[in-house]
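Working notes for the structure below.
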Amino acid sequence: MKKFTISTVALLTVLSLTACGTTPVEISCEDAKLAMENPHTKLIDVREIEEHAESNITGNILIPLNTISENSLFGRRIKKDDHVIAYCRSGNRSMAAYDKLKELGYENVQSLEGGITNCKF
């Protein structure tokens, strides 16, 4: 009974957040692939230049984590109302990028769950 109650509460929380328009912090690989079909979705690689050269997801914009700023985003035509998906190798830096982007006023931001090692486009 206790497991059922906890599961029910968790499900209701997720449903209420979705219904209220709250974007989940992380996005799955499958959902990111679908989101990339929208021209207002921007995929940002927050790894370093050397890592990006080794492998990257087609259609991404390279903005290393330590260079994320209002100017670096504006210069790459990333608007505050765009859907922004940040990714890195494993998801840690993209979560830090998520925080930075939110601080800069970007509302529709997500981190690719598990990073590029978890997702093959």
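The values are calculated or read from the model by the stated rules, or taken from the named source; none is laboratory data. This is a predicted model, so every value here is computed, not measured. Note: ideal-geometry Cβ built from the backbone for every residue, glycine included; neighbour counts use all protein chains shown.
In the list S94, S55, S72, which residue meets the criterion of being among the polar types (S, T, N, Q) and either within 15 Å of E26 (Cβ to Cβ) or in contact with a strand residue (DSSP E or B) (Cβ under 8 Å, 6 or more places away or on another chain) (or both)?
Step by step, each of S94, S55, S72 is checked, and only S94 is among the polar types (S, T, N, Q) and either within 15 Å of E26 (Cβ to Cβ) or in contact with a strand residue (DSSP E or B) (Cβ under 8 Å, 6 or more places away or on another chain) (or both).
Taken over segment 71-94, the criterion of being more than 13 Å from V109 (Cα to Cα), touching a residue at least 12 places away in the same chain (Cβ under 8 Å) and part of a loop (DSSP other than H, G, I, E, B) is satisfied by R76, C88, R89, S90, G91.
For segment 77-104, filtered to residues that are exposed (fewer than 14 other Cβ atoms within 10 Å of the Cβ) and under 14 Å from T41 (Cβ atoms), the residue that is modelled with the lowest pLDDT is R77. Across segment 106-113, a minimum of one residue is classified as out of contact with any Ser or Thr (no Cβ under 7 Å at 6 or more places or on another chain) and in a loop (DSSP other than H, G, I, E, B).
Is it the case, given these coordinates, that G115 is on the phi > 0 side of the Ramachandran plot and surrounded by 13 or more Cβ atoms within 10 Å (Cβ to Cβ)? Against the criterion (on the phi > 0 side of the Ramachandran plot and surrounded by 13 or more Cβ atoms within 10 Å (Cβ to Cβ)), G115 qualifies.
In this structure, is T117 over 19 Å from T23 (Cα atoms), of a type in the set (V, I, T) and part of a loop (DSSP other than H, G, I, E, B)?
It is false that T117 is over 19 Å from T23 (Cα atoms), of a type in the set (V, I, T) and part of a loop (DSSP other than H, G, I, E, B).
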